[in-house]
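Just below is one structure, and these are the notes that go with it.
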Amino acid sequence: MFMQSHTVVGSRVLPYLDQYQTKPILVLGGIGDTCRRIAQDYGFRDVLIPADVFCWNKDIWPLHTPTQEEQQIARRDFDFSEKPIAAAFVFHDPRNWAPDVQILLDIVRYGSQTLPAFVGR
């Protein structure tokens with residue numbers, strides 16, 4: 001599990017980030033899927049955002065119902081029950097801190113080798 005802020009990702013001073021180029025990563029922050037697109041511009045190919053998690057399992061945060069925009073931008077091709085998330089990046093202030101932090105804590109708690117709690121055990 002690796003967590004990193006956005007600033008040094010763009011500087012490429014961290015060559016070990018290359019190991020995450022093809023692994024599933026979670027990107028927090030920004031409006032809509034803007035930060036997903038930024039991560040893809042940096043070369044990350046399997047980029048996830050909280051909206052993907054919400055739309056995959058609406059029960060992870062009972063106080064939030066996915067918005068129409070979240071449903072439109074959510075990836076439907078990723079099965080969280082099949083692949084763990086290898087890294088998390090905070091690119092910008094998340095717009096919905098509570099569920100974003102919950103998702104992040106689930107990932108940190110279970111690490112990158114197992115599935116996070118929101119998958120259901």
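Go through 36-44, 84-92 and give me the packing order, highest mean Cβ count within 10 Å leading.
Working: 36-44: 17.2, 84-92: 19.7.
Most protected by this proxy first, the peptides run 84-92, 36-44.
On a 1.4 Å probe surface of the protein chains, which of T67, T22 comes out largest in accessible area, and what is the full order? List each step's numbers first, then the result.
Numbers: T67 65, T22 90 Å².
These residues rank, largest area first, as T22, T67.
Would you mind working out the magnitude of the charge dipole of the stretch 19-66 relative to its Cα centre, with +1 at each Lys and Arg C-beta and -1 at each Asp and Glu C-beta, to the nearest 20 Debye?
In total the dipole reaches around 80 debye.
Averaging over every viewing direction, what projected area does the convex hull of the Cα atoms of the stretch 26-101 cover, in nm²?
Numbers: hull surface 19.1 nm².
That works out to 4.8 nm², a quarter of the Cα hull's surface.
The values are calculated or read from the model by the stated rules, or taken from the named source; none is laboratory data. All of these numbers come straight from a predicted model, not from anything done at the bench. Positions of Cβ are backbone-derived with ideal geometry, glycine not excepted, and every protein chain shown enters the neighbour counts. Note: accessible area is taken over every heavy atom of the protein model, side chains too, but ligands, DNA and RNA are not part of it. Shrake-Rupley method; radii C 1.70, N 1.55, O 1.52, S 1.80 Å.
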